[in-house]
1. Would you point out the residue of the stretch 204-227, among those that are surrounded by 15 or more Cβ atoms within 10 Å (Cβ to Cβ) and farther than 16 Å from residue 136 by Cβ, that is modelled with the lowest pLDDT?
2. Identify, from the list 91, 97, 123, the residue that is within 19 Å of the chain's Cα centre (by Cα) and more than 18 Å from residue 39 (Cβ to Cβ).
3. Kindly indicate whether residue 257 is in contact with a helix residue (DSSP H, G or I) (Cβ under 9 Å, 6 or more places away or on another chain) and on the phi > 0 side of the Ramachandran plot.
4. Which one is farthest from residue 104 (Cα to Cα) among residues in the stretch 180-227 that are without any contact (Cβ under 8 Å) to a residue 40 or more places away in the chain and outside any loop (DSSP other than H, G, I, E, B)?
5. Would you check which residues across the stretch 139-179 are free of Cβ contacts under 8 Å to residues at least 60 places away in the same chain and within 20 Å of residue 237 (Cβ to Cβ) and list them?
6. Taking only pairs six or more apart or across chains, which ones have beta-carbon atoms under 9 Å, a first residue in the stretch 51-67 that is more than 21 Å from residue 120 (Cα to Cα), and a second residue that is assigned to a strand (DSSP E or B) and small (Gly, Ala, Ser)?
7. Considering each of 201, 165 in turn, give the residue that is farther than 18 Å from residue 281 by Cβ, crowded, with 22+ Cβ neighbours inside 10 Å and either modelled with pLDDT of 95 or more or among the small types (Gly, Ala, Ser) (or both).
8. All but one of (1) out of contact with any strand residue (DSSP E or B) (no Cβ under 9 Å at 6 or more places or on another chain); (2) surrounded by 13 or more Cβ atoms within 10 Å (Cβ to Cβ); (3) assigned by TED's automatic domain parsing to the domain that holds residue 179 hold for residue 302; state the number of the condition that does not hold.
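The values are calculated or read from the model by the stated rules, or taken from the named source; none is laboratory data. Remember, predicted model here, so these are calculated numbers, not experimental data. No Cβ is skipped: glycine too gets one built from the backbone with ideal geometry, and neighbour counts run over all protein chains shown.
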Amino acid sequence: MIFHYSILYLWGKYQYYLIMRDFEPITLLMPVKNGERFLPSSFETLRQNCGPNDEILIVNDNSTDNTSAILQKLAGTSSNVVIVNNSNPGLVNALNLGLTVASNKWIARFDVDDKYPSNRIELTRVNISNDSVGIFSDYSFVSDQGKNLGMMPSAIKAEFTYLSLVSSQRTAHPSVCFNKTAVQDVGGYQQEDFPAEDISLWLRLAKVGNLKTIPAVLLQYRLNPKSVSNTMRDKSIAKKNELISDYKFRDSIINESLTSLDETKAYYADFKSGNARYLLHLRDLLLILKHNPGITGKNLNYIYKKIYLDVKNYQPGQILFREMLLRRLYRLI
């Protein structure tokens, strides 16, 4: 009888956990600077994603266009809409202000010029777990005119997402939902790492918890020629390379990945774009090995061979993968 009641108690606790997980309140954080062109449609996306217990937090980063006037009108539309002005200009300061003001434990980043499906937060919420500190997703690229340019497949599993940080391509900043406490504990966004403040944060977060990705396109990343990532591209790449070259990836995860490549390929076979995910996993491993002076040439040659055989037999089905990623793989070889 005691055993029977114990089972009922544990089952009740599990059901309570599922309910609380599904209703984990999230702050939808969006910094805006001169975003009048996109703000009306972007706010509608935030509203569609926002549950009754969620919060929409928009940080106005010293806009000089009509953004401030638009935000004033939006501020009164709902009690869970919070508008704050950043008195210390700059993206890093705006993001750290958002961290301070956010009411909820989990924060989902949004960018004003990107697009998101209305179920992004719903799908993200069910992936929140006690051991996770950050959740990313697949994302697609669109031109400034809205033309689809392809998709970037994510790594999914925590250990694969960890390894994917070496390229900084598969963990897009506007796709993340992270644990506020964990982010603050590792120092938040750091000005000295701008304009690579995102990868700096992911590398630090990976030391205190798991990063993982959702195998679904929950972000349409707009290639805006006026965005920070484009106007400061060379500086961003240089800073990212500096951060990654100084980072020590854990040997245990590297060695485990090297000895289980066939299992990894079989795992990805069950997902859409599975072959692309696997090839990118090989590419990520190769980049890590090339940055690690303690790795033998035998391991490098092993990965080279795996990449060559899989690329040779791969029938590319996506424009982005065919025209960009394969070219980069061949360049490495």
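1. 227
2. Checking each option against the conditions leaves just 123.
3. No, not satisfied.
4. Taking the candidates together, the pick is 192.
5. 169, 171, 172
6. Correct list of pairs: empty, since none qualify.
7. Just a single option satisfies the conditions, and that option is 201.
8. (3)
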